[in-house]
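Some notes on the structure that comes next.
The values are calculated or read from the model by the stated rules, or taken from the named source; none is laboratory data. From a predicted model like this one, the values you see are computed outputs, not experimental measurements. Using ideal geometry, Cβ is built from the backbone for each residue, glycine included, and neighbour counts are taken over all protein chains shown. Keep in mind that these areas ignore ligands, DNA and RNA; they rest on the heavy atoms of the full protein, side chains included. Shrake-Rupley method; radii C 1.70, N 1.55, O 1.52, S 1.80 Å.
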Amino acid sequence: MTKLGDNLKIDSARLWDTINETAKFGGTPKGGVRRLTLGPEDKLVRNWFRKACEDAGLEVHVDALGSMFALRKGRDMSKAPIGIGSHLDTQPTGGKFDGILGVLGALEVLRTLNDAGIETEMPICIANWTNEEGSRFAPAMMASAAYVGDFTTDDILSRRDIAGVTVGDALDEIGYRGDVPVGTQKFSGFVELHIEQGPILEAESKTIGVVEAGQGVLWFDGKITGFESHAGSTPMPLRKDALATLSEIVLATERVVSNIGALGTIGEAVIANPSRNVIPGEIAFTMDLRSADAGKLEAIEKGVRDAIKEIAAHRKVDVAFDKVWHKPPTHFNKDFVNAVETAATSLGYSHRRITSGAGHDACNLNNIMPTAMVFIPSKDGISHNELESSAQDDCAAGANVLMHTVLALAGVASK
Ligand code: HGY
Ligand code: MN
Ligand code: MN
């Protein structure tokens, strides 16, 4: 427990209300959320978030990639703030908790400190990182990756979505291309609250996940060039079928990652000029490979590339397969991880250490500052699906652990 000594808790009902209120921005008939980064729904939730922060007395500014920062002053403003937050964008068939729980949990923490009249030694700053999902624009965790120097701002501004719209144009379209250069807002460290997006905490009836590591990620863009021809008059042995080729690549990828104990997904595949009586001649596809072990990540890339080479040869097609993103595995800062564990223990929540299957902005931030994460359970382990759900009590528990972790790191000046 912090120097406060008392059992300060966030307002569970107020947090839950904000989760349900913001789910309207992009809400879908099935109870999920479609709030693609830098789209009209993202603009609405950003405007809501800015107003809520300003109403809480926070100073809000926006950087050149649209990431939003809301600063709560501390007694010693010579120190860089402790950062909390996550992302407001979602997948096309996303849920009400992925990302936004971390932003709303952070807002609830600062609202609670305001209500309690608590001044911290160090300032605290909420972040909403642009385009964590990477669905509309690649890569994922895009803005935090630029913040830590993995990409230049200009490179990211020029990235295009499937309709050819650039990040820069999309930022201008919603009025969120900030005038502050990326990296201006400094942090002493960062703690991100997020749903687990997997089945472990629920299966073990644990309320809190103390995240000590995150999987490494490899993203590829692929293009198969075969030959369009007549479905009725082209004998099977003479075909250069791009879709049959991709089918072999999918099954070969499953074999490679399963043998090594890793994960592989082909999440996008687009047939050029599709027609039911034309043999597919060209397909663009994506691949997402993951492992918590750097060596395994390297091994599955080699295994998949070898398989693709062999399949392309016997299918007599060309396969271009370009790596577009490499995020090495993350090992979070031991002191910050311990601070999360201490907070969970002192609050009496069941907890366990865990590795994140999903990528998060915190995984990038950990490259340049001490970082840790707090997980809460996902119902049936479901995420990136409109059925994504978490319990109100677990959301409150996560926010309480976030609050006491941050109070321990930032220090309490007075109350
Ligand atoms: O891809 C991920 O793991 C994250 O959800 N963007
Ligand atoms: Mn997320
Ligand atoms: Mn996600």
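Structure values in brief
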item: Size-normalised alpha-carbon gyration radius of segment 216-327, reference 2.2 N^0.38 Å; result: 1.11
item: Burial ranking of peptide ranges 268-278, 335-345 (average Cβ count within 10 Å, highest at the top); result: 335-345, 268-278
item: Dipole-positive endmost among ILE376, VAL180, TRP325 within the chain (Cβ charges, Cα centre); result: TRP325
item: Cα-based helix-to-principal-axis angle, 12-22 vs the chain, degrees rounded to 10; result: 40 degrees
item: For segment 274-334: Kirkwood Rh in Å [reciprocal of mean 1/r, alpha carbons]; result: 14.4 Å
item: Segment 313-415: radius of gyration and largest Cα-Cα distance (Dmax), Å; result: 18.9, 73
item: Rule-of-thumb Rg ratio for segment 1-118 [Cα; 2.2 N^0.38 Å; N residues]; result: 1.13
item: Cα centroid separation - segment 216-280 against segment 136-175, whole Å; result: 28 Å
item: Cα-based equivalent ellipsoid of the chain: semi-axis lengths in Å, sorted from largest, via gyration tensor; result: 41, 22, 19
item: Zero-based 5 Å bins, Cα pair distances in segment 136-227, whole percents; result: 2, 8, 15, 18, 14, 15, 12, 9, 5, 1, 1, 0
item: Protection proxy ranking, peptides 318-330, 192-204, average beta carbon neighbours within 10 Å, highest first; result: 192-204, 318-330
item: For q = 0.25, 0.28, 0.31 Å⁻¹, Debye-computed log10 I/I(0) when each Cα of segment 221-275 counts as one equal scatterer; result: -1.04, -1.18, -1.31
item: Candidates per trypsin sites (Lys or Arg not before Pro) in segment 149-231, loop by DSSP, up to 13 other Cβ within 10 Å; result: LYS186
item: Members of LYS223/LYS323; LYS296/LYS316; LYS24/LYS96; LYS96/LYS186; LYS240/LYS309 lying beyond 21 Å, as alpha-carbon distances in this model show; result: LYS296/LYS316; LYS96/LYS186
item: Point-charge dipole on Cβ atoms (K/R +1, D/E -1) for the chain, about Cα centre, debye to 20; result: 260 debye
item: Using alpha-carbon coordinates, inclination of helix 392-410 to the longest axis of the chain, degrees; result: 70 degrees
item: Helix-only mean residue ellipticity at 222 nm for the chain, each DSSP H run of n ≥ 4 adding -39500 (n - 2.57), per residue, nearest 500; result: -11000 deg cm²/dmol
item: Paired Rg and Dmax values of segment 42-194, which use every Cα atom, in angstrom; result: 15.2, 49
item: Share of carbon and sulfur in the accessible heavy-atom surface of segment 216-327 [1.4 Å probe, %]; result: 55 percent
item: Order by protection proxy (mean Cβ within 10 Å, highest first), peptides 224-233, 348-357, 241-250, 99-108; result: 99-108, 241-250, 348-357, 224-233
item: Relative compactness, segment 181-244, computed as alpha-carbon Rg over 2.2 N^0.38 Å; result: 2.30
